[in-house]
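What follows is a short report on a single structure.
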Amino acid sequence: MPVTDQAFVTLCTNDIYSQGALVLGKSLRNHETSRKLVVMITSQVSGRMRAVLGKVFDEVLEVDILDSADLVRLSLLKRPELGVTFTKIQCWTLTQYTKCVYMDADTIPLRNIDELFDREEFSAAPDSGWPDCFNSGVFVFRPSLDTFRRLLQYAEDNGSFDGGDQGLLNSFFSNWATADISKHLPFIYNLSISSVYTYIPAFKQFGSEAKVVHFIGTPKPWNCKYNPQSKWVVEEEALNGEQHQLFLVHWWETYISDILPLLTEQEEFDGTD
Ligand code: UDP
Ligand code: MN
């Protein structure tokens, strides 16, 4: 049964990150999610890309940080460095939904993950670099204008210790590490690609259960050169061994089979320009 008051939410501020959002959205569909799919975009995303996003997502929502609440504008004026951060926390304004799962555009689900909606705000998986912090690439939250305003106020008063949304959210939900173990998502829901080689025996033991892979840092999948004949990523020095390759190949195969046709179709519809 479709659940219309819950949604997966992602963000892309340009056409490049949109490629990630498209693979994420299509993968959620391929694994037959029963939830709505929402992508937040900003003004730089092209008209053509918006049209393609609209083929995969139920809602394509432009969140223009400068035109929304006055509160946001004031906060931005004081701390311009937090721009992208503020864009992500706009997800709390999606009050047409009662509960959501936010996912970065550089994540890809490998199976159905609808069970995440059984979790409560604020649930997230540990960050592989500092496990007392959560990674803000995948999290469960409840949209609320009150929470949104408090996050903005917090950001204005305290900034973010890492300059991004992860620092802000970790300070705001500061009891995450100790308060409630049910809010610790298993690492397999946000398997950072670097863990594939930093703890190889653990990956060998548990990696086959991975549900979401997160291509944190660089290179992002869409920046890699992919050879569709050999099904291999070429000339990339920063890869973490063969397993990293296999996850990238999976991303690229999804992109080629499910997303490229949508992009081509839209190009033909628009005519050449
Ligand atoms: N993002 C975006 N445009 C940007 C940078 C980031 O839309 O120029 C969004 C996108 O959803 C991305 C998320 O913000 O996945 C977090 O950034 P990123 O994944 O690059 O950070 P990392 O996970 O590598 O720390
Ligand atoms: Mn990310």
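No lab work stands behind these numbers, since they all come straight from the coordinates. Being a predicted model, the structure only gives us computed values, none of them experimental. So basically every Cβ, Gly included, is an ideal-geometry build from the backbone, and we count neighbours across all protein chains shown.
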statement: Here the Kirkwood hydrodynamic radius of the range 61-156, Cα-based and in Å, equals 14.6
message: On a full-extension model of 0.36 nm per residue, what is the gain between residue 238 and residue 34, subtracting their alpha-carbon distance, rounded to one decimal in nm?
response: 69.8 nm
message: Quick check on the range 90-139: what are the equivalent-ellipsoid semi-axes from the Cα gyration tensor, as sqrt(5λ), descending, whole Å?
response: 19, 14, 12
message: Suppose we take every Cα in the range 1-61 and form the convex hull; what volume per residue is that in Å³?
response: 65
task: Express in nm, to one decimal, how much length is gained between residue 5 and residue 175 on full extension, taking 0.36 nm for each residue of separation and deducting their alpha carbon distance.
output: 58.5 nm
Intensity falloff of the range 85-231 expressed as log10 I(q)/I(0), Debye formula with alpha-carbon point scatterers, at q = 0.22 Å⁻¹: -1.55
field: Magnitude of the charge dipole, the chain, Cβ model with Lys/Arg +1 and Asp/Glu -1, debye to 20
entry: 360
field: Peptides ranked, highest mean first, by Cβ atoms within 10 Å: ranges 179-190, 74-85, 30-41
entry: 30-41, 179-190, 74-85
query: Hey, rough spin-label estimate for residue 73 and residue 16, points 7 angstrom out along Cα→Cβ, what's it come to in nanometres?
result: 3.0
For the range 83-96, Karplus couplings with θ = phi - 60° (6.51, -1.76, 1.60), whole Hz, Gly/Pro x: x, 5, 4, 4, 4, 5, 6, 4, 4, 5, 7, 7, 6, 6
- line: Mean projected area, convex hull of alpha-carbon positions in the range 164-273, reported to one decimal in nm², is 10.6
task: Above 24 angstrom, tally the Cα pairs of the range 1-126 and express them as a % of all pairs, no decimals.
output: 28
query: So what's the projected area for the range 192-235, the Cα convex hull averaged over all directions, in nm²?
result: 3.9
query: Which percentage, to the nearest 5, of the DSSP beta bridges contained in the chain is antiparallel?
result: 40
query: Within the P(r) computed for the chain, what percentage of the Cα pairs occupies the region above 30 Å?
result: 28
task: Could you pull the Rg and Dmax for the range 229-273, using just the Cα atoms, both in Å?
output: 14.3, 42
- line: Ordering 55-63, 259-267 by per-residue average of other C-beta atoms within 10 angstrom, highest first, gives 55-63, 259-267
- request: Using every Cα-Cα pair within the range 163-214, state what percent have a distance larger than 12 Å.
  value: 70
